[in-house]
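We did not get these values from a lab; they are worked out from the coordinates using the rules stated. The structure displayed is predicted, hence computed values, not measured ones. Ideal geometry is used to build each Cβ from the backbone, glycine not excepted, and the neighbour counts take in all protein chains shown.
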Amino acid sequence: MHTVNSPDIEEAKKAALEVLLHNARGPFHGLPRTAGWGYPEPYTRDLMFSILGIAVSGNQKLIDSIRKVLETLAKNQTEHGHIPSLVHDKNDRGASDTTPLFLLGVGIFRKVANEPDFLQEAVEKGLLWMEYQSPSDRYLVAQQPTSDWRDEQWVIGYGLFVNTLVYSYLRILGKHERADKVRQEMSRFTIVPGTAHRHVPEGFVVKHKPYYAFWAYKVYSNESFDLLGNSLAILSGIASPSRADEMVSWIEEECAAMMKKGELAVNLPPNFFPYVKPEDSDWLPRYELFNNPGEYHNGGIWPFICGFYVAALVAAKRFKLAEEKLAALTQLVKNSSSGTIDFGFNEWIKAQDGKPKGQDWQTWSAALFLYAAKCVEEKRTPYFDEIRITKSEE
């Protein structure tokens, strides 16, 4: 096993910083690129995720670049408070995760820059926008299919991932009373189809399982496993320490079983499992083109999400496992589509053979590697530690 300060990990950290500095200025108004070559556009969600790695890097050029991103997003925010999907294009709208990611990103940046009122007007507008995203006029927010980072997979109604973001930004912005309500609603069980219910709110807890459901809405839910949403549930403290520990053990057992069946070739979890197959009721015809089992959103391995998983392992105090998974991630980010660079920091990897399928030098892949490495090195999770501590002091 690689040690925390092994040469490979140190080399990968330097390469990740090189990627971020290369991508810090792109062709659109001097805003950062989303990937080194394939995605010159400044995609909001990718850059908001990258704040975590940039924040722990301490690199002033990167910090200045992300300030520009946040300030540009505030200028392009809609009248009602929605944040666009492209930083520079105020008319590119409709994403369910850009506004909560912006609110979380501002909360983190305020601490980095020691500016507690940074973009306060935009934050207030964004908070109000998010309140109006609850069709029940309560606390969980809903979304349209393919409106979050999964542009090739349906999430209907209340999605786990987006609601973990909501809880996290409420905590980091000091909105604790509303955060309490979000957590309470998430902690209810999903509703069993075919059972008569009257005015029973939905929840994300799955009976006899330690993880949270992929999505839920009224009498319907999808109880497949979402690695990003559940990692954020652990990081933010939505999951109790005992649930977090049990969830990690369950993930590792499931991955071991997938490896035995030939469904997984890498010692890291897929972003989603079990994979949706053509015979399943939630298979969509378009999946055959973009979302086959073990690929893209249907079980592909995403380095940025694995970075969140490593951080979640640290939050769950599974430090040895976190070191093991960081070592596996270090090997994974070496893979490239081109085969001509030492570290590809690719977008996503096919689960069954470990081959990179997305764009190389992806900003969020590099940034979340830096964040994961920092978490393992220091046995803490910067910015999320504070969120969990606040929850435990209620």
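Things to note:
- With both residues required to sit in the chain, DSSP beta bridges show an antiparallel share near 90%.
- Annotation: the residues 108, 234, 301, sorted from fewest to most other C-beta atoms within 10 Å of their own C-beta, follow the order 108, 301, 234.
- Proximal lysines relative to residue 218, as straight alpha-carbon distance under 28 Å, when same-chain residues fewer than 8 apart are discounted: 175, 181, 207, 209, 277, 391
- Net charge dipole, the chain: roughly 400 debye, given to the nearest 20, about the Cα centre with Cβ charges of +1 for Lys and Arg and -1 for Asp and Glu.
- Potential lengthening of the chain between residue 250 and residue 218 amounts to 8.8 nm, from the contour at 0.36 nm per residue minus the alpha-carbon distance.
- Neighbour counting of Cβ atoms within 10 Å sorts the residues 117, 353, fewest neighbours leading, into 117, 353.
- For the chain, the Rg and Dmax computed from alpha carbons only, in angstrom: 19.5, 60
- Protection proxy ranking of 370-381, 174-185, 307-318 - average other beta-carbon atoms within 10 Å, highest first: 307-318, 370-381, 174-185
- Each of 184, 362, 77 was placed along the dipole of the chain (beta-carbon charges, centred on the mean Cα), and the one lying farthest toward the positive end is 184.
- Among 128, 104, 54 the positive-end extreme of the charge dipole of the stretch 1-128 (Cβ point charges): 54
- Put in line by how crowded their Cβ is, counting other Cβ atoms within 10 Å and starting with the fewest, 250, 149 read 250, 149.
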